[in-house]
1. Of Ser261, Ser67, Ser610, Ser132, how do they rank once you tally other Cβ atoms within 10 Å and put the fewest first?
2. Please order Arg227, Arg80 by the number of other Cβ within 10 Å, starting at the fewest.
3. When Leu584, Leu32, Leu249 are ordered from fewest to most other Cβ atoms inside 10 Å of their Cβ, what list results?
4. Taking the Cα atoms of segment 529-646 alone, what are Rg (to one decimal) and Dmax (as a whole number) in Å?
5. Determine which aspartates and glutamates satisfy two conditions relative to Lys433: a Cα distance under 16 Å, and not lying fewer than 8 residues away in the same chain.
6. Any idea what the dipole of segment 108-194 comes to, in debye rounded to 20, about its Cα centre with Lys/Arg Cβ at +1 and Asp/Glu Cβ at -1?
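What follows draws every value from the coordinates through simple rules; no lab data is involved. From a predicted model like this one, the values you see are computed outputs, not experimental measurements. A quick note on method: Cβ atoms are made from the backbone with ideal geometry, for glycine too, and the neighbour counts reach across all protein chains shown.
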Amino acid sequence: MATTNGPARLTVTGIGALDETTVAFERGVTVLTAGDAADRTSLVRSLATALGSDEHSLDRDADIGDSRVELVVGGDRYTRTFAGEDDRLVASVDPFLDDSTGADRFAFLLGSNEARRAVADERDLRKLVMHSVDTDAVYEELADRRAERAELDDRIGALAALEAERRELRDRRDELDAAIERLEAELADRQATLAGIESAAVGADTDAEVGPGPDANGSDTEARQDRRRELTAALDDIEFELEAERESLDALDAEIDDIESKLDSYTDDPTAELDDLTDELAGSRARKWQLDADITDVQRTLQFNEQFLTSETSPVAAASEGESDDESDGESDDGDRVVCWTCGTSVPEASIESTLDQLRTLRDDRREERAELAGRIERLQERRSELEGLRERRRDLETRREERRRERADRRARVEDLEARRDDIESDIADLKRDAESTETGDRAALLDAHREVNRVEFELERRREERDAVVDELEALEAELDRRADLEARQDEIDDRIDELRDRIERLERATVSGFNDRIADVLDALEHDRLARVWVERRSDGDARGDGRPTSRFVLHIERRTDDGKIYEDVIDHLAESERELVGLVFALAGHSVHEVYDDVPFLVFDSLGAIDADHTRTLIDYARTAADYLVVALPDTDAPTLSESYRRVRVSD
């Protein structure tokens, strides 16, 4: 515990009825007394303000001019002046504490103290219990991981659309494998046939050579025949190539027409629509997360108000009965009336029910909107996956079309070159024909046909192999893309594990902090030795992961167990407790927070006020227990109650 040596001194000027008041605080317990409760409250509020609080605003006196508080502690001086703003006094900055949140909650235990009121009003205690536990970084990472998980879901969904295309490519590859195998077998047969014909032709030429010896004319004729055979063979080869190239061009034209037909069947480039869908998805998710938070908040408000309104021991009901007893004869024109617990005025009960009906309608509207959004998000994700698949298929078709167009241009150039060569050879053959007549035997025609068939099959085989290579390349690229799915799914598992780890860390922190609170509460109750309050403890209730920002919606609920005259223990609710018991439980909870969150390290003061509802014995025991919790313990009590405390405690009477 941080300690502060020596006395502290507070000077209050122009606050309430305190024109100029100075109070010295010795280390230990200081009991502030005054006949006027307003003076005591003004003084302890001034002390809290000097220490840094802006919650305990002071009511402004219309005649006040210069209002200020000054605290000297540990040799340092802290001064805050006030300026009027509407009906309140706003303090300047120069306090003891830069951040007074912890002290406001657990050290300045005035009547309006947040911890005391949260217990009395049965609020969710999570914010108070987890006050000093830093979970913001964990929540931020949890929200990031959830967002990344949603993005991975979308990417994996888009990859799933490519599975059908992969099946089509595999089927096409298998078809081409079968066609290639068939063409290879056919080519082997055609080559065997050609070899047989060529062998027969060679035998015939050999037989012709054993005849009469050639003369000069015979030599010329033979030379012309040889030349003609060479030219004719070259011409045949060119014709075969031309035929193959033209067939290839026809096939390419048909394939390009088919690709362009498919492209025409697609809509325009979906990139712009994809960008719009991504933006719309992000907006829809953000709106759904906000709706989740709104529904949770409205549901809690409804539960609180419905329980509060229907409770038989509700202060509202009690106050309403009191007002009914004071009314004159006759019934009110407005029917049953209750005291509103938010503004303190008497209103018809029907107006409260009307407000609750509006809240229920609001909740149902939000739920309906959330359901519509969920369906819309699913449709948007499906549409985005469809468009991404469409875009990839369109790009593949465009790539294939450009490749086929380039191939077509190359083949057309090849045809033009072959046609020019063919024309030259035909001219040469025509010249030879003018010199000698030549007849083409049946064997040569058969040889020509055999050459044509071999060339045709070779060309078709080459074309099929090229097409298979293109399909294999496309399939490998697609499978490489799909192989990323395993990595993405592995990342999903990593993220899920990390989300579980972060949730577990938050749960461990919350459970450990709740356990610390319950231990401190038990210590205070043991010291009080209350004959009715057997046990007070905080329960952590987890409502799942409903909020859109990834923050768990766990609630911290206070439980109270009471003891009957015959020693039996039963659980009760705060509404059933007497006012003194409610106030006492609130102070017990606040003292537990002061210890668990080590507020004494930040501020050396612990201030008590508004203890009138608590009986004298328990007030004395409570102060005796808390006297070592801070360097300076300040208790504001009326003159009649101060004597009940230990005589060793220093008394200071507040006077203006």
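1. Ser261, Ser132, Ser610, Ser67
2. Ordered from fewest to most neighbouring Cβ atoms within 10 Å, Arg227, Arg80 come out as Arg227, Arg80.
3. Placing the least packed residue first, the sequence is Leu249, Leu32, Leu584.
4. 17.3, 55
5. Counting by Cα, and skipping residues close in sequence, Lys433 has these aspartates and glutamates nearby: Asp220, Glu222, Asp226, Glu230, Asp423, Asp424.
6. In total the dipole reaches around 540 debye.
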